Amino acid sequence: MTSIYDAIKKDHDRHRELLNRIAETEGASEERKQAWTEFYRDVKSHSAAEEETFYSKLMEQTWGQDAARHSVHEHAEMDEILEELREMDMSSSGWLTRFKTLKHDYEHHMEEEENEVFGRAKEVIGQEENDAYGKRFHDRKQKELGLIEEKREDALED
Ligand SMILES: [Fe+2]
Ligand SMILES: [Fe+2]
């Protein structure tokens with residue numbers, strides 16, 4: 001079984017790899033397109049699953065609300081850039097500039113989760129629940145992967 005912390009960390013490591021690959025590849029190459037599509041889908045479902053399993057638990061505690069709100073706010077900001085990039089021409093210099101902002105912000109976000117938020121969360125999701133939450137996170141993420149386009153259309157209608 002995978003603990004919630006290992007599950008999140010494993011995703012982050014994959015996201016770091018993909019961010020580097022996208023930064024190193026050129027224009028609208030096949031390799032960059034592939035890495036981008038995987039990154040876009042995985043980050044969206046990862047963040048949604050984090051909110052629904054991990055952060056909602058942290059928010060139950062008065063002392064956890066601030067950290068949770070901070071992270072969820074960053075998810076919303078990153079989502080905006082993800083959507084912007086999706087609509088832009090990948091081979092334009094503007095795309096790469098915007099991507100670099102996302103890369104910088106998201107790397108910072110992951111570091112903060114691992115180094116600060118995990119420590120606090122361990123007070124509410126302790127060892128005996130680690131695996132159950134890991135499974136919940138994993139299941140929710142799978143479900144979210146199937147909801148990306150639907151949720152996006154809902155957001156565009158608003
Ligand atoms: Fe996050
Ligand atoms: Fe995360």
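Numbers for the structure displayed
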read-out	value
In segment 43-69, residue surrounded by the fewest Cβ atoms within 10 Å (Cβ to Cβ) [restricted to those that are within 12 Å of ligand 1 (Cβ to nearest atom) and of a type in the set (S, T, N, Q)]	45
Selection status of residue 75, away from ligand 2 (no atom under 15 Å from the Cβ) and either under 19 Å from residue 13 (Cβ atoms) or crowded, with 17+ Cβ neighbours inside 10 Å (or both)	no
In segment 1-41, the residues that are among the charged types (D, E, K, R) and either in contact with a His (Cβ under 6 Å, 6 or more places away or on another chain) or surrounded by 18 or more Cβ atoms within 10 Å (Cβ to Cβ) (or both)	11, 32
Test result for residue 13, of a type outside the set (Phe, Trp, Tyr) and within 13 Å of ligand 2 (Cβ to nearest atom)	yes
Pair list, Cβ < 6 Å and 6+ apart or interchain, from segment 13-33 residues that are more than 18 Å from residue 110 (Cα to Cα) to residues that are of a type outside the set (Ser, Thr, Tyr)	25/31; 25/32; 28/90; 32/22
Test: residue in segment 40-60 that is without any contact (Cβ under 8 Å) to a residue 12 or more places away in the chain and either farther than 19 Å from residue 112 by Cβ or not in a helix (DSSP H, G or I) (or both)	no
Identity of the residue in segment 134-154, in contact with a Ser or Thr (Cβ under 6 Å, 6 or more places away or on another chain) and over 9 Å from residue 49 (Cβ atoms), that ends up surrounded by the most Cβ atoms within 10 Å (Cβ to Cβ)	134
Looking only at segment 122-158, and only at residues there that are part of a loop (DSSP other than H, G, I, E, B) and of a type in the set (Gly, Ala, Ser), the one that is modelled with the lowest pLDDT	126
Looking only at segment 1-53, and only at residues there that are within 21 Å of residue 72 (Cα to Cα) and of a type in the set (Lys, Arg), the one that is nearest to the chain's Cα centre (by Cα)	44
Unmet criterion (only one of (1) within 19 Å of residue 6 (Cβ to Cβ); (2) in contact (Cβ under 8 Å) with a residue 40 or more places away in the chain) for residue 145	(1)
When residues of segment 78-93 are limited to those that are loosely packed, with under 12 Cβ neighbours inside 10 Å and at pLDDT 95 or above, the one nearest to ligand 2 (Cβ to nearest atom)	80
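The values are calculated or read from the model by the stated rules, or taken from the named source; none is laboratory data. Just so it is clear, the structure is predicted and the values come from calculations on it, not from any experiment. With ideal geometry, Cβ positions are generated from the backbone for all residues, glycine too; neighbour counts draw on all protein chains shown.
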